[in-house]
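Every read-out reported here was derived from the displayed coordinates using simple, explicitly stated rules and does not represent laboratory data. Note that the structure is a prediction, hence the values are computed from the model and not measured. Methodologically, a virtual Cβ is constructed for each residue, glycine included, from the backbone with ideal geometry; neighbour enumeration extends over all protein chains shown.
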Amino acid sequence: MLTEAIKASIHESVLCWLATYDGDFPSVSPKEIFTYFNDKIIIANIASPQSAKNIQKSNAVCVSFINVLTQKGWKLKGTARLCDRSDTQAEAYFAILDNMTKGLYPYQKVFEITPIKGAEIIAPSYHYYPQISMEDRLEQAKKLYRL
Ligand SMILES: Cc1cc2nc3c(=O)[nH]c(=O)nc-3n(C[C@H](O)[C@H](O)[C@H](O)COP(=O)(O)O)c2cc1C
């Protein structure tokens, strides 16, 4: 499920947005400490109590991310579970995410997401203005984000 294109997009994306559901309302929040390991998306639960609570009610989640400069990314739907440091299956997750946080953001749990289906996210300008070069797109995005 995690194709090379999706993995490359994860590397290019600074943030992901995790959507969960509490049975009444959807909830979405950003997460910066995220990546993948084998066929799983992994996210450090640093300060996400609502997401953690919601997945106990419903493990169905959606995670999306884009490269803000190319304005392309992915939306992945799947199931989530929380792993803690005593979970031997999750040792690799903590090793990878510890390396990302460098100890600056303590966390004790990881959201492990098993993607089931994915769809590419692509800015409408690619459809409306296909003639724009990637170089110009990057310039426009940098201006938009005042970079
Ligand atoms: C730029 C940014 C990056 C963040 N990265 C993370 C993260 O990697 N992990 C995390 O648990 N919270 C992260 N947060 C904090 C959560 O998004 C925030 O605490 C949110 O309110 C959690 O909502 P929830 O409890 O509904 O998941 C980040 C917030 C921002 C603004």
Quiz item: Rounded to the nearest 500, what is the chain's calculated 222 nm mean residue ellipticity when only DSSP H runs of at least 4 contribute -39500 (n - 2.57) each, over all residues?
Solution: -8500 deg cm²/dmol
Exercise. Please determine, in degrees from 0 to 90 and to the nearest 10, the orientation of helix 134-144 with respect to the longest principal axis defined by the Cα atoms of the chain, where the helix direction is its Cα long axis.
Key: 70
Quiz item: Just SER86, SER51, SER64 to compare: in a GNM of the chain, with alpha carbon springs under 10 Å, which one fluctuates most?
Solution: SER86
Exercise. Binning at 5 Å from 0, report for segment 5-147 what percent of all alpha-carbon pair distances ends up in each bin.
Key: 2, 9, 18, 20, 18, 13, 10, 6, 3, 1, 0
Quiz prompt | Lysine pair count for the chain [Cα-Cα under 18 Å; pairs on different chains or 8 or more apart] | solution = 25
Quiz item: Each residue of segment 120-126 in order: what ³J(HN,Hα) in whole Hz does its phi give by Karplus 6.51 cos²θ - 1.76 cosθ + 1.60, θ = phi - 60°, with x for Gly and Pro?
Solution: 6, 9, 9, 4, x, 4, 5
Quiz item: Residue by residue through segment 48-57, which ³J(HN,Hα) values in whole Hz follow from phi under the Karplus form 6.51 cos²θ - 1.76 cosθ + 1.60 (θ = phi - 60°), with glycine and proline marked x?
Solution: 10, x, 5, 4, 4, 5, 4, 6, 6, 7
Exercise. For segment 34-43, just list the computed ³J(HN,Hα) in residue order, Karplus coefficients 6.51, -1.76 and 1.60, θ = phi - 60°, integers in Hz, with x standing in for Gly and Pro.
Key: 9, 6, 10, 9, 6, 9, 10, 8, 10, 9
Self-check item: Cα→Cβ-extended label distance, 7 Å offset, between ASN59 and ARG81, nm
Solution: 0.5
